[in-house]
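What follows is a set of notes on a single structure, which appears directly below.
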Amino acid sequence: MEPFRVILLPGSVLPAGPAYGALLAALGGTVEAVAKDLELYAGDTPPPGWSLDTEADGVLREADARGWDTFHLLGYSGGGAAALALTARHPERLLSLALLEPAWAGTWDWSPEHTRLWHRYGELGDLPQEEFMAAFMRLQVKPDAVLPPPPPGPPPPWMARRPAGISAFLHAFNTYALDRGKLAAFDKPVLFVLGGMSSPDEQGDNAGRLARVFPDFRLEVFPGKHHFDPPHRAEPERVAALLGAHWARARAQAAS
């Protein structure tokens, strides 16, 4: 049987290679996969006019270059938000969608707690750069979640681009019009992987709202994990098994 053709988008912090290395190793020969870095970080500063559509267009260019008319799409955090934008714009290109805690999932039906959290994100821009990342991470997890310590040694060169990239994502989330109706028309399988220690006001709300939008939606919760100890890095074998079943179901659905 031919391997599943998959494009994987990372979040706004780790590059695609380290973000998905363990998961791709667990998937092995079952996939023909591209862990694609974000267009946002193609240069030293975000490209002029960058938006979630910029990322969607980059995914389609990658697929076209490989001769893939259709493919499976997976996105984590900011990459998950870009994956939702592509799903709404070009659903015909996707065989399935996998969302690993998308950083944003539209603005409809937010809970009051989600709205308050979003206002707190808006306040991050006033912080000094050395405080920005710690505050950004803490907002995304439960109060008793343990965040990973910074890696030893000096930060890698790519880290200097991340505050501006995160700010670009936050701006896009405040201005982008994600079409709920077009998402509701997407009838192919959608898998949402959620860490039980991630913020229920954000990720829990996103999962609940998308469950009411997508007609074929499945939620898988990893109780002890969170946005910065994500299941696809902490338990790659289990996530690989979930994805294999998800893609196989999409293949069977397409064949029927």
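The values are calculated or read from the model by the stated rules, or taken from the named source; none is laboratory data. Since the structure is predicted, the reported quantities are computational estimates derived from the model, not experimental observations. Virtual Cβ from ideal backbone geometry, glycine too; neighbours counted across all protein chains shown. These accessible areas exclude ligands, DNA and RNA; they are computed on the full protein's heavy atoms, side chains included. Shrake-Rupley method; radii C 1.70, N 1.55, O 1.52, S 1.80 Å.
The table that follows gives values for the structure above.
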item: Angle between the chain longest axis and helix 112-122 axis [Cα atoms, degrees, rounded to 10]; result: 60
item: Cα-based Rg and Dmax for the chain, where Dmax is the largest Cα-Cα distance (Å); result: 17.2, 55
item: LEU60-GLU237 FRET efficiency (beta carbon distance; Förster radius 30 Å; 0.05 resolution); result: 0.45
item: Potential extension, ASP144-GLU113 segment - 0.36 nm per residue separation minus Cα distance; result: 9.4 nm
item: Rounded tilt (10° steps) of 16-27 against the dominant C-alpha axis of the chain; result: 40
item: Portion, in percent, of the accessible area of the chain that falls on carbon or sulfur, probe 1.4 Å; result: 56
item: With Cα atoms, 0 to 90° folded angle of helix 162-175 axis to the chain main axis; result: 70
item: Chymotrypsin sites (Phe, Trp or Tyr not before Pro) lying in DSSP loop within the range 28-108, provided at most 14 other Cβ fall within 10 Å; result: TRP108
item: Rounded to 5, percent antiparallel among DSSP beta bridges of the chain; result: 5
